[in-house]
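The values are calculated or read from the model by the stated rules, or taken from the named source; none is laboratory data. Keep in mind that this is a model prediction, so the values were computed, not measured. Neighbour counts run over all protein chains shown; Cβ positions are idealised from the backbone, glycine included. Accessible surface areas use protein heavy atoms only, side chains included; no ligands, DNA or RNA. Shrake-Rupley method; radii C 1.70, N 1.55, O 1.52, S 1.80 Å.
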Amino acid sequence: QVQLVESGGGLVQPGGPLRLSCAASSRISSFYVMGWYRQAPGKEHELVATYIKYFSSINYADSVKGRFTISGDSAKNTVYLQMNGLKPEDTAVYYCTASSSGRDYWGKGTLVTVSS
């Protein structure tokens, strides 16, 4: 059973940076898609960023383009989400996701609060 564990969330002031980490129990190279979603209070899940292995493609939501960067470290089996220029509207629970062999996996999420 694949496990994804997010960390790095917390309270940050507007304009500040934060880096989220997602530690996977399996080699991240075994997943054909990895990414980050978020869910703000009272809203639906929103795709933030994804990496599609076979196309070497990275996609970002328009709302985070130029501010967020997804990356991975195969040696640590960890995926990161570097978030810069944070805004109050980025406040949400952030979830790490991965897809492999026709199954989707989700972490339990980490809360990011952007507030002064």
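Give the range of the longest stretch in the chain that excludes all trypsin sites (Lys or Arg not before Pro) found in loop regions by DSSP and having at most 14 other beta-carbon atoms within 10 Å.
Formally, the longest exposed-site-free interval is 66-107.
Hey, any idea what % of the chain's accessible area is carbon plus sulfur with a 1.4 Å probe?
50 percent
According to a simple spin-label model (label point 7 Å from Cα along Cα-to-Cβ), what is the distance in nm between R103 and K65?
3.5 nm
List the GluC sites (Glu not before Pro) within segment 1-71 that DSSP assigns to loop and that have no more than 14 neighbouring Cβ atoms inside 10 Å.
For GluC sites (Glu not before Pro) across segment 1-71 that sit outside H, G, I, E and B with at most 14 neighbouring Cβ atoms in 10 Å, the list reads E44.
Which residues in segment 1-33 have a backbone N closer than 18 Å to a point placed 7 Å from the Cα of K53 along the Cα-to-Cβ line?
1-5, 22-33
Provide the three semi-axes, in whole Å and in decreasing order, of the ellipsoid equivalent to segment 1-113 as defined by the square roots of 5 times the Cα gyration tensor eigenvalues.
22, 14, 13
I'd like the distance separating the alpha-carbon centroids of segment 3-17 and segment 46-105, in whole Å.
Centre-to-centre (Cα) distance: 13 Å.
Would you list, by chain and number, the lysines whose Cα falls below 20 Å from the Cα of K76, excluding same-chain residues fewer than 8 positions away?
K53, K108
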